[in-house]
Amino acid sequence: LALARRTLPDAVPVVPCPLDLPGAIGRFFDAARPRALVVVETELWPEMLHQAEKRGVPAALVNARLSDGSFRGYHRVRRLLEPLLSPLTIVLARSPSDGERFSALGVTPSAIRVTGNIKYDLEPDAAALPWAEAVQAAAGDRPVVVAGSTMEGEEEIVLDAVSKCAAAGRPIFLILAPRHPERFDTVADLVLERSLGLIRRSTGSAPDAATEVFLVDTIGELARAYQLAHIAFIGGSLAPTGGHNPLEPAVWGVPVLSGPHVHNFREVYDEMTEAGGARLVADGAELRVAAAVWLADPGLARAAGEAGRNVVERNRGATRRTVDALLGLLET
């Protein structure tokens, strides 16, 4: 909510979504009087869709996705889902397989269009990163590794890898960005327990040659931090939470390592791994081996990063196709 308000300070009102109850949703529609309802991916709230249909408001599902697991579960209760999905005027699917799954659940095929994944339309954030030069100077000859959106249990794996690399005479400079702010202090303690040199971004202190871990304990800087990386590790993937967006480093031409649990971005990872821009590892041991290969051969790492960036470039255009479809919906 805060991010939306910062991004669109004067353009549109930004309010929390009301609870999916008849009274709250009804008052929301009465106040907003929307010309269309647009929901994203799988945010299918029954009362909101019902009220849209009741009031003649066209409803669009954009960047629509259904994983294999979700589809299997939904298909078993297909008859119960039909009233939920029937108000959808149009479904803009990320891929042909997503479109086929929605059709199998009862959405009218003529209402389904494959427009692509809008996440590929990510652009590098050109805003200056205040600590970029300080990090590069502190890193010196050490390669920079960014571990982003890490979850509980993953920081230990990454920090142990840093310690073992240093012990083997291959020191690295780690930029570590945990996913959840409430864990910043806990992660800082994990670094100190390993006697690694730590600087926290929130303190404003500049890293130096003794710094081994730069902890990004702030919000909104991770996507730009990837531009400093030789390689990136995307968290939420060794922990079984489904992974996070590998396109944020790929758009900078940075090769990506992730654990096996990437079902939230399965199609993206499938394409990136096939192209050579990403590698999936099973555990900490495989993570160290895969990282060592790229760190030992910068040319190989650069080629992998370019392969990932090419995946981004050839999949662009979904946002334009989505907007065109929505404008057409408003004109009907």
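The values are calculated or read from the model by the stated rules, or taken from the named source; none is laboratory data. Note that this is a predicted model, so its numbers are computed, not measured. Ideal geometry is used to build each Cβ from the backbone, glycine not excepted, and the neighbour counts take in all protein chains shown. These accessible areas exclude ligands, DNA and RNA; they are computed on the full protein's heavy atoms, side chains included. Shrake-Rupley method; radii C 1.70, N 1.55, O 1.52, S 1.80 Å.
Computed values, structure above
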read-out	value
Residue count, the range 173-205 (criterion: open to solvent by less than 70 Å² (accessible area, probe 1.4 Å), among the hydrophobic types (A, V, I, L, M, F, W, C) and more than 20 Å from ALA223 (Cα to Cα))	5
Cross-chain or 6+ apart pairs with Cβ under 7 Å, the range 231-249 first and in a helix (DSSP H, G or I), then open to solvent by 10 Å² or more (accessible area, probe 1.4 Å) and of a type in the set (D, E, K, R)	LEU247/LYS119
Of all residues in the range 1-17 being of a type in the set (D, E, K, R) and part of a helix (DSSP H, G or I), the one that is modelled with the lowest pLDDT	ARG6
Residue within the range 98-107 that is within 27 Å of HIS50 (Cα to Cα) and among the acidic types (Asp, Glu) present	yes
Members of the range 172-187 that are farther than 10 Å from LEU215 by Cβ and touching a helix residue (DSSP H, G or I) at 6+ places or on another chain (Cβ under 8 Å)	ILE172, PHE173
Residue in the range 181-193 that is assigned to a loop (DSSP other than H, G, I, E, B) and free of Cβ contacts under 8 Å to residues at least 60 places away in the same chain present	no
Complete set of residues in the range 25-54 that are surrounded by 14 or more Cβ atoms within 10 Å (Cβ to Cβ) and either more than 29 Å from ASP98 (Cα to Cα) or among the acidic types (Asp, Glu) (or both)	GLY26, PHE28, PHE29, GLU41, GLU47, GLU53
Residues (part of a helix (DSSP H, G or I) and of a type in the set (D, E, K, R)) located in the range 65-75	ASP68, ARG72
Any hit, the range 269-287, residues being on the phi > 0 side of the Ramachandran plot, within 13 Å of the chain's Cα centre (by Cα) and open to solvent by less than 60 Å² (accessible area, probe 1.4 Å)	no
Some residue of the range 234-242 being modelled with pLDDT under 95, surrounded by 23 or more Cβ atoms within 10 Å (Cβ to Cβ) and over 20 Å from ASP297 (Cβ atoms)	no
Whichever residue in the range 130-171 is hydroxyl-bearing (Ser, Thr, Tyr) and under 18 Å from LEU228 (Cα atoms) and, among such residues, is surrounded by the fewest Cβ atoms within 10 Å (Cβ to Cβ)	SER149
Residue that is surrounded by fewer than 22 Cβ atoms within 10 Å (Cβ to Cβ) and closer than 23 Å to ASN63 by Cβ, where the choices are HIS261, HIS230	HIS261
Residue in the range 76-83 that is outside any helix (DSSP H, G or I) and under 27 Å from the mean Cα position of the chain (by Cα) present	no
Some residue of the range 111-123 being exposed (fewer than 13 other Cβ atoms within 10 Å of the Cβ), at pLDDT below 90 and under 19 Å from ALA223 (Cβ atoms)	yes
